[in-house]
1. Specify the residue that is farthest from R176 (Cα to Cα); the eligible residues are those in region 47-106 that are in contact with a helix residue (DSSP H, G or I) (Cβ under 6 Å, 6 or more places away or on another chain) and free of Cβ contacts under 8 Å to residues at least 40 places away in the same chain.
2. Does G244 satisfy being of a type outside the set (K, R), more than 23 Å from K340 (Cα to Cα) and within 16 Å of the ligand (Cβ to nearest atom)?
3. Have a look at T302, T352 and point out the one that is among the hydroxyl-bearing types (S, T, Y), within 16 Å of the ligand (Cβ to nearest atom) and surrounded by fewer than 24 Cβ atoms within 10 Å (Cβ to Cβ).
4. Does region 68-90 contain at least one residue that is assigned to a helix (DSSP H, G or I), away from the ligand (no atom under 14 Å from the Cβ), in contact with a Leu (Cβ under 8 Å, 6 or more places away or on another chain) and of a type in the set (G, A, S)?
5. Go through region 28-54 and report how many residues are within 24 Å of A185 (Cα to Cα), among the polar types (S, T, N, Q) and open to solvent by less than 80 Å² (accessible area, probe 1.4 Å).
6. Please count how many residues of region 139-174 are open to solvent by less than 40 Å² (accessible area, probe 1.4 Å) and more than 18 Å from the chain's Cα centre (by Cα).
Amino acid sequence: MPSLNPQTEHSATLDEILSQPDVWRKSLQELNRDQLLERVLTQTESRKEWLFLGCGTSFYLAETAAASWTLLTGQRARALPASEPLLFPNAAFLRAPHLQAVVISRSGRTSEALRAANLLSREHRIPTLGITCASLSALAEVCDLTIPLPVADEKSTVMTRSFTSMLLALQHLAARKAGNQEFPAAIEAMAGHFASLIHLLAERVETFVADHTFSNYVFLGQGPFHGIAREGSLKVTEMSCSYGQVFHTLEFRHGPKAIVGPETCLTFYLSEGGNKAECEVLAEMKNLGGVTIAICNRANETIRRSSDFVFELGADIPELAMLAPFIVPSQLLGFFTGIKKGLNPDHPRNLTRVVILD
Ligand code: F1P
């Protein structure tokens, strides 16, 4: 990708961000190739409530996957950081009947994820499904079944394509469980469409970052888009050491909007179901002087009038198939902001690729 900054030419993180449409297609091909999903669907057929667990990015993936699961299957689903059942098992309500756990970990080695999988499986006799980007992992040894997605693994510390690929895999599983034939085809179509957009998107985000300086970042999303907002904030913090906050979009009016000014960058992940109400907040924040990024499927007049940057996916796909591409502008915002600040997103400050506890 032609870049304003030669340093980005050899960045593993940027390569991995830009590889997403192709890796999405390869991941889904791997899922469909062997009978693993059929085995998962058969073994979990009787499960009525789903608990998704992870740490960091994998927790925000758990939140997004849980919302997708309920919307696609109609079953109750919730998400917790892997640490929560370890510290507050009673608050995690592990006695829920017919509970199925899904433990998410790119590395398959994160201590809290492994400890949570062990606790649920061995002490509470809760069936566990793992999903990881590691070919062989400690997670696979602990869980009853594991979905490996090695094609989506990364060299980088920061999770980007592993987040979106594991999300699409879990959405694919939910759609299969619901007998939804359209969703898998929609994901394939979305990946092909997004492949034609991602390089221009990266150039536009790089220019936007070059033209603006912010002191704080806000990420706003409702429903299944809230987990994407949480992940967007983490990407900007991890790659650029910037301060990000996350709210449900309409919640932002109830006090936090006090911070809005010309150095505030507000990213709106605009749903289709809540679009009118969310766009009203967008217009209000623009009027308060904030700098606004609108991520949407199709931009209306309010969005164009109230946004300093618009990413329009423009695809005829179900709303849930928009979640994976919607995170990419924020991955790029974090990356190029980090480069502008003289940081190296391939080696983010204070972070390790896996958190291993003693
Ligand atoms: C989880 C995680 C990442 C974070 C960093 C440290 O890893 O917290 O979300 O970006 O890489 O590890 P995993 O359990 O998904 O391997």
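1. Here the residue is L86.
2. Values: of a type outside the set (K, R): yes; more than 23 Å from K340 (Cα to Cα): no; within 16 Å of the ligand (Cβ to nearest atom): yes.
So G244 fails the test.
3. Numbers: T302 fails: within 16 Å of the ligand (Cβ to nearest atom).
Sole residue among the options that is among the hydroxyl-bearing types (S, T, Y), within 16 Å of the ligand (Cβ to nearest atom) and surrounded by fewer than 24 Cβ atoms within 10 Å (Cβ to Cβ): T352.
4. Within region 68-90, one or more residues are assigned to a helix (DSSP H, G or I), away from the ligand (no atom under 14 Å from the Cβ), in contact with a Leu (Cβ under 8 Å, 6 or more places away or on another chain) and of a type in the set (G, A, S).
5. 2
6. 5
The values are calculated or read from the model by the stated rules, or taken from the named source; none is laboratory data. Since the model is a prediction, treat every value here as computed from it, not as a measurement. All Cβ positions, glycine included, derive from the backbone under ideal geometry; neighbour counts span all protein chains shown. Accessible surface is based on the protein model in full, side chains and every heavy atom, while ligands, DNA and RNA are left aside. Shrake-Rupley method; radii C 1.70, N 1.55, O 1.52, S 1.80 Å.
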